Structures are given as structure tokens and as C-alpha cells.
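Just below is one structure, and these are the notes that go with it.
The values are calculated or read from the model by the stated rules, or taken from the named source; none is laboratory data. These numbers were taken from a predicted model, which means no experiment stands behind them. Here the Cβ positions follow ideal geometry from the backbone for every residue, glycine too, while neighbour counts run over all protein chains shown.
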Amino acid sequence: MSTASLKITHLTSVHKLIVPLTIKWADLEEQIRNIFSIPSDTPFLLRYRDEDGDLITLNSDLEFEQVLCTGARVKFLLTLPQDEVDQPDTDWDMSSTSSFDTISEEPV
């Protein structure tokens, strides 16, 4: 089974997850909530900056699958409602950071 290594940043905390390429959004959301201690009733955004520099928000299986299928290296930014109030103009540059790797368990 092939897996992906995801690096997710929230404020100053960075966590790395190894997930199967077939992971569903609900399962990823649950893992993120557990790792970052986010209550189930607290909404969050998972975003990344695409190759055009646009900030893309993910919230479905289809959107997440599309990111995984590209094989691109992507740094994910996790934001909570209070983050938007605390730092509304926070800019983050991921152009030099690699944070998404596809890992194949099949022999080469």
C-alpha cells in the first residue's frame, strides 16, 4: 500500500503524519483533531498554497485526493477560528518547504 507523508503546521506547532493514499477526509480530520487537540465542535481549515501561489482550502475527499494525486510537495496550514482573529494578515511562504511525499511500499 502506498502512503503519503503530510506535514501540517498550526501556529508554531508542526506535526508529520504518514497516511495511506486512500485515506478519506473524515479519517484525516479525526487524526488532525487528535494530534492538535481540537474539540469535535471546533471548525478548522486545512489549506495549502498551489503552484500559482493561490491559497486553497481543503474540506472534502475529492479535494484531498486531487492534492495526493499530483505527487507534489505541499505544506498544509491548519487554522482555527481564533487564529483568524489573532493574526488576520498572517502570510506564510511554502515555496521552499517540502512537506508532502509519496512513499511506495512496493519494491523498486
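Tell me, please, whether a residue that is more than 19 Å from THR70 (Cβ to Cβ) and in contact with a Leu (Cβ under 7 Å, 6 or more places away or on another chain) can be found in region 17-26.
Checking region 17-26: not a single residue is more than 19 Å from THR70 (Cβ to Cβ) and in contact with a Leu (Cβ under 7 Å, 6 or more places away or on another chain).
Does PRO43 qualify as being free of Cβ contacts under 8 Å to residues at least 40 places away in the same chain, closer than 18 Å to GLN82 by Cα and in contact with a helix residue (DSSP H, G or I) (Cβ under 7 Å, 6 or more places away or on another chain)? Yes: the conditions hold for PRO43. For region 1-25, taking the residues that are touching a residue at least 24 places away in the same chain (Cβ under 8 Å) and of a type in the set (Gly, Ala, Ser), the one that is surrounded by the fewest Cβ atoms within 10 Å (Cβ to Cβ) is identified as SER2.
Pairing each residue of region 67-95 that is under 22 Å from PRO43 (Cβ atoms) and basic (Lys, Arg) with any residue that is at pLDDT 80 or above and outside any helix (DSSP H, G or I), provided the two are 6+ apart or on different chains, yields C-beta distances under 9 Å for LYS75/LYS7; LYS75/ILE8; LYS75/THR9; LYS75/TYR48; LYS75/ARG49.
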